[in-house]
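Sharing a structure below in structure tokens format, with a few things to ask.
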Amino acid sequence: MHIPDGYLGPATSGVFYAVMLPVWIAASRIVKKTMQARQVPLMAIGAAFSFVIMMFNLPIPGGSTGHAVGAVLVAVLLGPWAAVIAISVALAVQALLFGDGGITALGANCFNMAVVMPFVGYYVYKLISGGAPNDSNRRVIAAGVAGYIGINAAAFLAGVEFGLQPYLHHTAEGQALYCPYGLKVAVPLMAGEHLLIFGWVEAVVTALVVKYLEKQAPELLFREKVPMKIPTKLWVLLGILVLLSPLGLILPKLVKAGGAWGEWGADELKGLAGYIPAGLKKLDGLWQAPIPDYTFQGWEGKGLSHLSLAYIFSGILGMALVVLAVWLLGKYLSRPERRPLMPKRDFVGRSIRGALDFIKESIFADEIASRPGVLQSLDPRIKAVTVLFFILLVMFTRSLAVLGLIYIFCLILALFSRIGIGFFLKRTWIFIPFFSLLIAIPALFSFISPGRPVASVGPLMITHTGIKAAGVFFGRVVTSVSLAVLLSMTTRHFELLKALRFFGIPQMFVMVLGITYRYIYLFVEIVENTFRAIRSRVGSGMHYRKGQKVVAWNIAHLWIRSYALNEQVYQAMVSRGFRGEPRTLDHFQTRRRDWLWLFGAAMIILLLAYAEYRTKL
Amino acid sequence: MTGQKEPAPVLFECRDVHYSYQGRFPALNGVGLTITAGERVALVGANGSGKSTFLHLLDALIFPQRGTLAYIGKELTEKSFLDAEFSLRFRRKIGLIFQNPDVQLFCPTVREDIAFGPLQLGMEEKTVKARLELLAETLQIGPLLDRSPHQLSLGEKRKVAFATILVIEPDVLLLDEPTAGLDPKTSTKLIGMLAEASHSGKTIVTATHDLHIIEDIADKVYVFGQDKKLAGAGTPAEILGDTALLQANNLIHIHPHHTRDHKVMKA
């Protein structure tokens, strides 16, 4: 459910960042008030715990494995407000350092998984468990239901976010610019797979872990009253945002009339006044669409009569392609010459492998970051800023040519940073882009992208707009993933985290990120050792029910250890003079080459933007 | 005590200190002892005899639930640490090295970890950097500075943990099982560092159940019993000679190899 860069348009991404800002401020104030100085280690270790939950593979019926997001569990353990921070930090580390989830999509991902999921889950848990005693089955069931509903709420939202994209962002010819599927495809797809598969995994993990903790360490579950006293100023800010957010959604709609972004001329501006009510009207229909009867007005009003059938068809096709993608990927990853052959049902082996891969990868990343290359020699702050601007250009451009040029630039940079091109391609094409390529295929055809036919595959017509839509979507994803990977590969991770100070992120969060990063490794080692111990005692051939219990018990145990660790780390910090407001060392130094690079990058970005504007590439 | 120095001022004075975790698990049942400035003290006892808890009390991370603990005449209470000024002065003077270096080293890099203490204690960044360089040289941890603690061996972790405290230049070093899990060579090196610190006049309190090292690190030994009270006190020679006391407190076991072990230690 981690949305990558390139799926959501800039307006949507921006709106979610804008929404998250006051939420983060409110959450950190509330947590600070209730935890005082303890919040720093608690948030960090909570975040490391959230990060690691996903490494616990759970055996599921049918002999496969899955993992939980764990956000509802974290909310039950830490309370929903602390969960907001802990999960956001975990998501930020995943996006920045491990390429899991986009950087521009971080706001949306946090909203889905760090706000909606924990809050919905937490209140469902409270509602069902009521005042039931600690060891009652009612609490266990409540946790399971909460996990199921929580993840499905988040998935539904992600589906809506995807589904809004073709409506919000498309060219005059109806060519989608971001995620090419409307609500009728995206929502059932996201909701479907979570209702059918991932929701159950989440439910099992949440229920069993809560069960063990209620029994073994009930004092470690969050019992306080959830503070809801948000400062008035924040409410006002939140209110303004709520009022403004539809405007943010309409804006790209108004702009869409022209070709390239920022290109609207005087007459279009003149038309703006008359346009707004029309835009609002469309939006009005949109809000009712997903829920009652799916009578969503097609985004351009073209070929409406065929659309329903086409949507269903493309939904099935999409699902089939996703399954195919996962299957192919699984095949590729478990090729015997690359890894020891492992039975699919071996969740123990998978968890060990996950942990080992993580550690191996990090050692490798560290090695690349210390090679003498162009990007490695730059100041991390300046590098982060320029990469961010390149990603923004990638997000805004509509031109396949611009995307192609930036992508070539990425490859050149990789070459000069002593990253083998083969390795770089493998690293940046695997998973997200590969997956996106398959997702883009249905968008080629006329039922998704009506327009001038170019070729036909059996009864299906490939259209000109379809090729452009699929191409731009895929190009955007692969280019932004490449940029993010370049940044995280050529920068030592701790430096990248510290560079965030430059973006105005408070010292406390930078400290929390650092501690999170530190303890992720400790936890990953614990995961690895735990599963080795399981293997040495019981092997991996166990019934999935037993396996689920083993995994849940180990997550519960990890939390018990995390909690103890948190107390000790807090003491270790206090012992060295920590009183709640951390100070960290700043040792960045900019040199002339940094400024040269900044200038060069700025020129390239401006040139590309200008070229697109002039030539309408 | 060896008695070669003039009477030093009393640093810590504890009387009948009690502490229990969550009100249920007693850790200390009335401990009283005095530590003077410049003294080298070893706290020995089996696992769970309350040594770590006692060190945490001395570092004012927890406070006695009964009895009193005073530092240079001032009683240490939760309230006294609300005073930022006092807290700062105390933390600058006392440094605790935790038993588990994974607890002690919480920053993403060794460099940041060493800088953490002095920065929180209000030291200038320039001074911090200068001290860091000097310390890295003397402890020979220069190549480790930009590594992450999880990449270090246990010996390296202990060395770095030591550096995170030495950089504060405290007067009192509290060490919790500093040699646990270390090979003999690394262990000897660490003891050498402690001897150096002691020469410069620092007070050193070490909790350990490694009887081999106490002659090297202490002038005075306190034995913590299973009843979580002091079971005995004396010079290292006195305590090591008292086989009955050591046996009663699970510090040695009756086993043929032990006598041999003991001889090696004496030699």
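Going by the structure shown, is B:Pro101 open to solvent by less than 20 Å² (accessible area, probe 1.4 Å), more than 7 Å from chain A (Cβ to nearest Cβ) and either touching a residue at least 60 places away in the same chain (Cβ under 8 Å) or touching a strand residue (DSSP E or B) at 6+ places or on another chain (Cβ under 6 Å) (or both)?
Working: open to solvent by less than 20 Å² (accessible area, probe 1.4 Å): yes; more than 7 Å from chain A (Cβ to nearest Cβ): yes; either touching a residue at least 60 places away in the same chain (Cβ under 8 Å) or touching a strand residue (DSSP E or B) at 6+ places or on another chain (Cβ under 6 Å) (or both): yes.
Criteria met by B:Pro101.
For B:Gly192, all conditions in the list (1) farther than 20 Å from B:Ile94 by Cβ; (2) open to solvent by less than 30 Å² (accessible area, probe 1.4 Å) hold save one; what is the number of the exception?
Condition not satisfied by B:Gly192: (2).
Within the range A:128-154, which residues are of a type in the set (A, V, I, L, M) and at pLDDT below 90? Steps first, please.
Within the range A:128-154, the subset of a type in the set (A, V, I, L, M) is A:128, A:132, A:140-143, A:145-146, A:149, A:151, A:153-154.
A:Ala132, the sole residue that qualifies.
Follow-up. Name the residues in the range B:128-151 that are hydrophobic (A, V, I, L, M, F, W, C), within 12 Å of chain A (Cβ to nearest Cβ) and over 21 Å from A:Ser370 (Cα atoms), would you? Full working, then the answer.
Filtering the range B:128-151 down to residues hydrophobic (A, V, I, L, M, F, W, C) leaves B:128, B:130, B:132, B:134-136, B:139, B:141, B:144-145.
Those still in the list that are within 12 Å of chain A (Cβ to nearest Cβ) too: B:128, B:132, B:145.
Listed by number, the residues that qualify are B:Val128, B:Leu132.
Yes/no matrix, rows are residues, columns are (1) under 28 Å from B:Gly95 (Cα atoms); (2) in a loop (DSSP other than H, G, I, E, B):
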{"site": "A:Asn529", "(1), (2)": "no, no"}
{"site": "A:Met542", "(1), (2)": "no, yes"}
{"site": "A:Lys546", "(1), (2)": "no, no"}
{"site": "A:Lys549", "(1), (2)": "no, no"}
{"site": "A:Asn554", "(1), (2)": "no, no"}
{"site": "A:Trp559", "(1), (2)": "no, no"}
{"site": "A:Glu567", "(1), (2)": "yes, no"}
{"site": "A:Val574", "(1), (2)": "yes, no"}
{"site": "A:Gly577", "(1), (2)": "yes, yes"}
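May I pose another question? Show me the helices (runs of 4 or more DSSP H) found entirely inside the range A:113-229 where at least 2 residues are in contact with a strand residue (DSSP E or B) (Cβ under 9 Å, 6 or more places away or on another chain), touching a residue at least 12 places away in the same chain (Cβ under 8 Å) and within 23 Å of A:Arg545 (Cα to Cα).
Numbers: elements: A:117-129, A:137-168, A:183-193, A:199-216.
Of the helices (runs of 4 or more DSSP H) lying wholly inside the range A:113-229, those with at least 2 residues that are in contact with a strand residue (DSSP E or B) (Cβ under 9 Å, 6 or more places away or on another chain), touching a residue at least 12 places away in the same chain (Cβ under 8 Å) and within 23 Å of A:Arg545 (Cα to Cα) span A:199-216.
Report yes if some residue within the range A:587-605 is out of contact with any His (no Cβ under 9 Å at 6 or more places or on another chain) and within 11 Å of chain B (Cβ to nearest Cβ); otherwise report no. Before the answer, list the steps.
First, the residues of the range A:587-605 that are out of contact with any His (no Cβ under 9 Å at 6 or more places or on another chain): A:587-605.
Now narrow it down to the ones that are within 11 Å of chain B (Cβ to nearest Cβ): A:587.
Yes: one or more hits.
Among (1) open to solvent by less than 10 Å² (accessible area, probe 1.4 Å); (2) at pLDDT 90 or above, there is one condition A:Gly102 misses while meeting the rest; what is its number?
Just one mismatch for A:Gly102, condition (2).
Read through the list (1) assigned to a helix (DSSP H, G or I); (2) over 30 Å from A:Ala48 (Cα atoms); (3) in contact with a helix residue (DSSP H, G or I) (Cβ under 9 Å, 6 or more places away or on another chain), then give the number of the only condition that B:Arg89 fails.
(3)
Can you spot a residue in the range A:469-486 that is away from chain B (no Cβ under 14 Å), free of Cβ contacts under 8 Å to residues at least 40 places away in the same chain and surrounded by fewer than 19 Cβ atoms within 10 Å (Cβ to Cβ)?
To start, the set of residues in the range A:469-486 that are away from chain B (no Cβ under 14 Å) comprises A:469-486.
Those still in the list that are free of Cβ contacts under 8 Å to residues at least 40 places away in the same chain too: none.
Checked the range A:469-486: no residue is away from chain B (no Cβ under 14 Å), free of Cβ contacts under 8 Å to residues at least 40 places away in the same chain and surrounded by fewer than 19 Cβ atoms within 10 Å (Cβ to Cβ).
Between a first residue in the range B:16-35 that is closer than 14 Å to B:Gly225 by Cα and a second residue that is acidic (Asp, Glu) and open to solvent by 70 Å² or more (accessible area, probe 1.4 Å), which pairs have beta carbons less than 7 Å apart while being 6 or more apart in sequence or on different chains?
As it stands, the answer is B:Asn29/B:Asp227; B:Gly30/B:Asp16; B:Gly32/B:Asp16, since those pairs meet every condition given.
Something else: Looking at the range A:539-557, is at least one residue within 14 Å of chain B (Cβ to nearest Cβ), within 16 Å of A:Ala68 (Cβ to Cβ) and in contact (Cβ under 8 Å) with a residue 24 or more places away in the chain? Step through it out loud before you land on a result.
Residues of the range A:539-557 that are within 14 Å of chain B (Cβ to nearest Cβ), as a first pass: none.
No, the conditions are met nowhere in the range A:539-557.
Hey, among the residues in the range A:511-532 that are open to solvent by 10 Å² or more (accessible area, probe 1.4 Å) and more than 10 Å from chain B (Cβ to nearest Cβ), which one's farthest from A:Gly46 (Cα to Cα)?
Within the range A:511-532, the match that is farthest from A:Gly46 (Cα to Cα) is A:Arg532.
Further, regarding this structure: If I ask for residues that are small (Gly, Ala, Ser) and either in contact with a Lys or Arg (Cβ under 7 Å, 6 or more places away or on another chain) or open to solvent by 40 Å² or more (accessible area, probe 1.4 Å) (or both), which ones from the range A:1-32 would you list? Step through it out loud before you land on a result.
Filtering the range A:1-32 down to residues small (Gly, Ala, Ser) leaves A:6, A:9, A:11, A:13-14, A:18, A:26-28.
Residue satisfying the conditions is A:Gly6 alone.
A further question follows. Would you check which residues across the range A:579-596 are crowded, with 19+ Cβ neighbours inside 10 Å and either modelled with pLDDT of 90 or more or part of a helix (DSSP H, G or I) (or both) and list them?
A:Asp594
Also, I was wondering about something else. Anything in the range B:152-165 that is surrounded by fewer than 21 Cβ atoms within 10 Å (Cβ to Cβ) and either free of Cβ contacts under 8 Å to residues at least 40 places away in the same chain or part of a helix (DSSP H, G or I) (or both)? List them, or say none. Quick ask: steps written out before the conclusion?
Of the residues in the range B:152-165, the ones surrounded by fewer than 21 Cβ atoms within 10 Å (Cβ to Cβ) are B:152-156.
Matches in the range B:152-165: B:Ser153, B:Leu154, B:Gly155, B:Glu156.
Is one or more of the residues making up the range B:142-150 in a helix (DSSP H, G or I), modelled with pLDDT under 90 and buried (at least 16 other Cβ atoms within 10 Å of the Cβ)?
yes
Just the residues that are closer than 20 Å to A:Asn109 by Cα, touching a residue at least 60 places away in the same chain (Cβ under 8 Å) and either aliphatic (A, V, I, L, M) or outside any helix (DSSP H, G or I) (or both), please, taken from the range A:28-64. I'd like the intermediate steps shown before the answer.
First, pick out the residues of the range A:28-64 that are closer than 20 Å to A:Asn109 by Cα: A:28, A:43-44, A:46-55.
Keeping just the survivors that are touching a residue at least 60 places away in the same chain (Cβ under 8 Å) gives A:28, A:43-44, A:46-49, A:51-53, A:55.
Hits for the range A:28-64 are A:Met43, A:Ala44, A:Ala47, A:Ala48, A:Val52, A:Ile53, A:Met55.
Just one of A:Phe435, A:Phe424 is farther than 27 Å from A:Ala186 by Cα, part of a helix (DSSP H, G or I) and touching a helix residue (DSSP H, G or I) at 6+ places or on another chain (Cβ under 8 Å); which is it?
One residue alone meets the criteria, A:Phe424.
Could you look through the range A:174-196, keep only residues that are over 18 Å from A:Pro442 (Cβ atoms) and over 19 Å from the mean Cα position of the chain (by Cα), and pick out the one that is most open to solvent (accessible area, probe 1.4 Å)?
My answer is A:Leu196.
Looking at B:Ala233, B:Ala237, B:Ala244 in this structure, which one is open to solvent by 40 Å² or more (accessible area, probe 1.4 Å) and in a strand (DSSP E or B)? Reasoning before the result, please.
On the way: B:Ala237 fails: in a strand (DSSP E or B); B:Ala244 fails: in a strand (DSSP E or B).
Going through B:Ala233, B:Ala237, B:Ala244 in turn, the sole match is B:Ala233.
Looking at B:Ser49 and the list (1) crowded, with 16+ Cβ neighbours inside 10 Å; (2) not in a loop (DSSP other than H, G, I, E, B), which single condition is not satisfied?
Every condition holds for B:Ser49 apart from (2).
Given the residues B:Phe81, B:Phe116, which is the only one that is within 11 Å of another protein chain (Cβ to nearest Cβ), part of a helix (DSSP H, G or I), open to solvent by 10 Å² or more (accessible area, probe 1.4 Å) and in contact with a Ser or Thr (Cβ under 8 Å, 6 or more places away or on another chain)?
B:Phe81
In the range A:488-510, how many residues are under 29 Å from A:Lys426 (Cβ atoms), open to solvent by 10 Å² or more (accessible area, probe 1.4 Å) and among the hydrophobic types (A, V, I, L, M, F, W, C)?
Here the count works out to 2.
The values are calculated or read from the model by the stated rules, or taken from the named source; none is laboratory data. As the structure is a prediction and not an experimental result, all values here were calculated from the model. Note: ideal-geometry Cβ built from the backbone for every residue, glycine included; neighbour counts use all protein chains shown. Side chains are part of the model used for accessible areas, which takes the heavy atoms of the whole protein and leaves out ligands, DNA and RNA. Shrake-Rupley method; radii C 1.70, N 1.55, O 1.52, S 1.80 Å.
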